[in-house]
Ligand SMILES: [Zn+2]
Ligand SMILES: [Zn+2]
């Protein structure tokens, strides 16, 4: 057994595939974010998953470049022995337009299951 080569990371690595990094670090390396994005778009389609999406509500056609793919369960909240397959599984992906993604990042959307954007006026 060996440990992840990423500085300050003490997670054990899975040496069966010549890995140098743990699953959590691999999830964000090389072409993996791109593959994660593509699999999510293949699975969920080119649309924002927020049922209350302001763009969708206004009938604005959503194109691929307007979408972000985010992890439902954050990479950082996985245990140290999580595999990149688990972390970047399409079931752990959500497709949001950039507006809804920003709203989520800033805490306006609490959960994927109860997506709601609450805009405050003051
Ligand atoms: Zn690591
Ligand atoms: Zn949206």
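The values are calculated or read from the model by the stated rules, or taken from the named source; none is laboratory data. The structure presented is a predicted model; accordingly, all values stated were derived computationally and were not measured. Every residue, glycine among them, receives a Cβ derived from its backbone with ideal geometry; neighbour counts consider all protein chains shown.
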Qualifying residue in the range 22-45 (condition: exposed (fewer than 14 other Cβ atoms within 10 Å of the Cβ) and within 16 Å of ligand 2 (Cβ to nearest atom)): yes
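Would you check which residues across the range 27-51 are within 16 Å of ligand 1 (Cβ to nearest atom) and in contact with a strand residue (DSSP E or B) (Cβ under 9 Å, 6 or more places away or on another chain) and list them?
As a first pass, look at the range 27-51 and keep what is within 16 Å of ligand 1 (Cβ to nearest atom): 27-30, 32-33.
Answer for the range 27-51, where residues must be within 16 Å of ligand 1 (Cβ to nearest atom) and in contact with a strand residue (DSSP E or B) (Cβ under 9 Å, 6 or more places away or on another chain): 27, 33.
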Conditions (1) free of Cβ contacts under 8 Å to residues at least 24 places away in the same chain; (2) surrounded by fewer than 16 Cβ atoms within 10 Å (Cβ to Cβ); (3) under 13 Å from residue 82 (Cα atoms); number of the one not met by residue 9: (3)
Flag for residue 47 being within 25 Å of residue 108 (Cα to Cα) and assigned to a loop (DSSP other than H, G, I, E, B): yes
Residues (closer than 20 Å to residue 74 by Cα, in a loop (DSSP other than H, G, I, E, B) and in contact (Cβ under 8 Å) with a residue 24 or more places away in the chain) located in the range 12-30: 22, 27, 28
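Output the residue which, of all residues in the range 50-62 that are touching a helix residue (DSSP H, G or I) at 6+ places or on another chain (Cβ under 8 Å) and assigned to a loop (DSSP other than H, G, I, E, B), is surrounded by the most Cβ atoms within 10 Å (Cβ to Cβ).
This residue is 50.
Would you check if there is a residue in the range 66-77 being in a loop (DSSP other than H, G, I, E, B), farther than 30 Å from residue 12 by Cα and modelled with pLDDT under 90?
Within the range 66-77, none of the residues are in a loop (DSSP other than H, G, I, E, B), farther than 30 Å from residue 12 by Cα and modelled with pLDDT under 90.
Of the residues that make up the range 73-87, is at least one over 22 Å from residue 32 (Cβ atoms) and more than 16 Å from ligand 1 (Cβ to nearest atom)?
Within the range 73-87 (the criterion being over 22 Å from residue 32 (Cβ atoms) and more than 16 Å from ligand 1 (Cβ to nearest atom)), the answer is no, since none of the residues qualifies.
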Number of positions in the range 71-87 that are in contact with a helix residue (DSSP H, G or I) (Cβ under 6 Å, 6 or more places away or on another chain) and closer than 19 Å to residue 100 by Cα: 3
